[in-house]
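Coordinate-derived values only; no laboratory data. Only a predicted model underlies this, so the values are computations on that prediction, with no experimental measurement involved. Positions of Cβ are backbone-derived with ideal geometry, glycine not excepted, and every protein chain shown enters the neighbour counts.
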Amino acid sequence: MAALGKVSQALLRASLGQTRRQLSATAAHGEQSARTWKILSFVVAFPGVAVCMLNMYLKEQQHSHEQPEFIPYSHLRLRSKRFPWGDGNHSLFHNAHLNALPDGYEGHDE
């Protein structure tokens, strides 16, 4: 029984020593990995975000800001129940320029 205890302690010491060596090697690899990700962030990610922002800015400049034509389709803008805020006719995120009410856009006398 004592021999089994000595053997298990020897194996435990050997495995701990090997684990310590692996951890130190992993730490050196981790520093290299962090450096690689830092370089990739500055060289790939930030310029990629900048190009996407430029693309969206240019597309917004070409976008028409005219109000769409109001066509009173019977299946659109149904109000079977009033909204629980305001006058009950405007949606929660109502945009007077883009969102028509059942009888047309606000501020237009047609």
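Worth pointing out:
- Loop-located trypsin sites (Lys or Arg not before Pro) in segment 29-110 (DSSP state not H, G, I, E or B) with no more than 13 neighbouring Cβ atoms inside 10 Å: Arg79, Lys81, Arg82.
- Kirkwood hydrodynamic radius of segment 38-106, from inverse mean 1/r over distinct Cα pairs, in Å: 15.9 Å
- A straight chain from Phe46 to Leu92 at 0.36 nm per residue would run longer than the Cα-Cα distance by 13.0 nm.
- Across segment 66-110 the C-alpha pair distances fall into 10 Å bins from zero in the proportions 26, 56, 18, 0 percent.
- Sorted by Cβ density within 10 Å, fewest first, the residues Asp87, Asp103: Asp87, Asp103
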